[in-house]
Amino acid sequence: MSEPLVWETDARDWPNRSHSCFVQAAGLNWHVQQFGEATLPENAARVLLIHGTGSSSHSWRDVAPLLAQRYRVLSMDLPGHGFTSMPRPAEQSLTAMSRKLAALLSSLHFAPQIVVGHSAGAAIAARMALDRSIAPLGIISLNGAFIGFGGVAGQLFSPIARLLAAGSFASRFFAWQASDPAIVDKLVRSTGSVLDATGMRLYAQLVRNASHVAGALAMMAHWDLVPLEHALPSLDIPLWLVAAENDLTVPPSQASRVARLLQQSRVVLWPMLGHLAHEESPAQCAAVVDEMRLALNAAG
């Protein structure tokens with residue numbers, strides 16, 4: 001496996017670099033970004049942002065500063081992603097990753113009122129709320145991945161992902177392929193999203209690093225959503241399901257299916273956007289956080 005990304009050399013122009021710090025928690029060295037601490041009162045509402053598989057805190061590069069005008073905001077690189085250190089493979093499961101993130105939040109004394117999770121990040125948010133390791137007033141899922149592959153695909157995907165994650169060759173080969181800009185462009189476009197030059201450059205930097213790719217593979221290999229799907233009816237807080245019309249990664253129809261499992265839900269459809277909708281339209285993402293905050297306040 002190649003060396004992981006190095007902050008001093010690989011992050012010279014990382015988005016919102018001035019808001020970054022590194023925190024030791026749960027046996028990992030976490031890359032964390034905090035916003036609003038210097039400008040907002042202590043009692044300002046707190047918003048937690050959780051990115052999805054294969055991404056990093058850069059995914060919120062335009063969303064976080066918008067939210068920081070009104071909220072204290074925390075984002076991080078998940079274990080094995082970006083600039084956060086790699087856990088053991090077995091610690092890349094949904095339950096283990098949720099526990100590690102809970103330990104990070106505890107060390108930072110950060111108790112979020114609203115959690116925004118993208119794709120697999122939405123599943124982490126729900127798992128943490130179900131486990132009572134956090135007590136948010138509401139969760140916003142952006143193209144949330146709550147339901148795993150079914151049928152033959154589900155039976156094949158996990159063993160194949162485990163096989164790929166078991167060795168370093170797959171991650172090195174993928175990173176080598178990603179040296180071709182056309183491969184990165186195809187990868188991003190396969191999500192249904194169209195990103196600007198900055199977004200493309202940042203994803204290229206990540207997928208060309210074999211250590212980051214290995215972290216994403218390990219996460220997919222140990223991701224079991226069946227227990228979460230069974231537990232979702234017990235979730236007793238509002239979960240808003242934002243689905244993007246052009247999402248080619250998580251079908252928009254999944255939002256309605258998940259909503260039927262929940263006690264309190266709202267489905268929101270964003271037209272003309274793909275899986276990375278919050279990167280394509282950050283103002284729209286910030287607006288839905290404001291909308292949930294107003295709804296929570298009205299509900300008392």
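The values are calculated or read from the model by the stated rules, or taken from the named source; none is laboratory data. The model shown is predicted, which means the values in this text are computed figures rather than measured ones. Virtual Cβ from ideal backbone geometry, glycine too; neighbours counted across all protein chains shown. When the accessible area is computed, the model is the full protein with side chains, heavy atoms only, and any ligands, DNA or RNA have been set aside. Shrake-Rupley method; radii C 1.70, N 1.55, O 1.52, S 1.80 Å.
Annotations
- Applying the set (1) open to solvent by 10 Å² or more (accessible area, probe 1.4 Å); (2) closer than 22 Å to residue 274 by Cβ; (3) of a type in the set (Phe, Trp, Tyr) to residue 7 leaves exactly one unmet item: (2).
- Test: residue in segment 210-219 that is closer than 30 Å to residue 44 by Cβ and either of a type in the set (Gly, Ala, Ser) or out of contact with any helix residue (DSSP H, G or I) (no Cβ under 7 Å at 6 or more places or on another chain) (or both): no
Here's the yes/no breakdown for (1) open to solvent by 50 Å² or more (accessible area, probe 1.4 Å); (2) at pLDDT 95 or above; (3) farther than 24 Å from residue 251 by Cβ:
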site: 88; (1), (2), (3): yes, no, yes
site: 100; (1), (2), (3): no, yes, yes
site: 103; (1), (2), (3): no, yes, yes
site: 107; (1), (2), (3): yes, yes, yes
site: 126; (1), (2), (3): no, yes, no
site: 131; (1), (2), (3): yes, yes, yes
site: 148; (1), (2), (3): no, no, no
site: 153; (1), (2), (3): yes, no, no
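- Scanning segment 234-259 for residues that are open to solvent by 60 Å² or more (accessible area, probe 1.4 Å) and in a helix (DSSP H, G or I) turns up 234, 253, 257.
- Count of segment 38-90 residues, restricted to those that are farther than 17 Å from residue 120 by Cα and touching a Cys at 6+ places or on another chain (Cβ under 9 Å), is 4.
- Only one of 196, 180 that is exposed (fewer than 14 other Cβ atoms within 10 Å of the Cβ), modelled with pLDDT of 95 or more, over 19 Å from the mean Cα position of the chain (by Cα) and of a type outside the set (Val, Ile, Thr): 196
- Counted residues, segment 16-55 - those being open to solvent by 40 Å² or more (accessible area, probe 1.4 Å) and more than 19 Å from the chain's Cα centre (by Cα): 9
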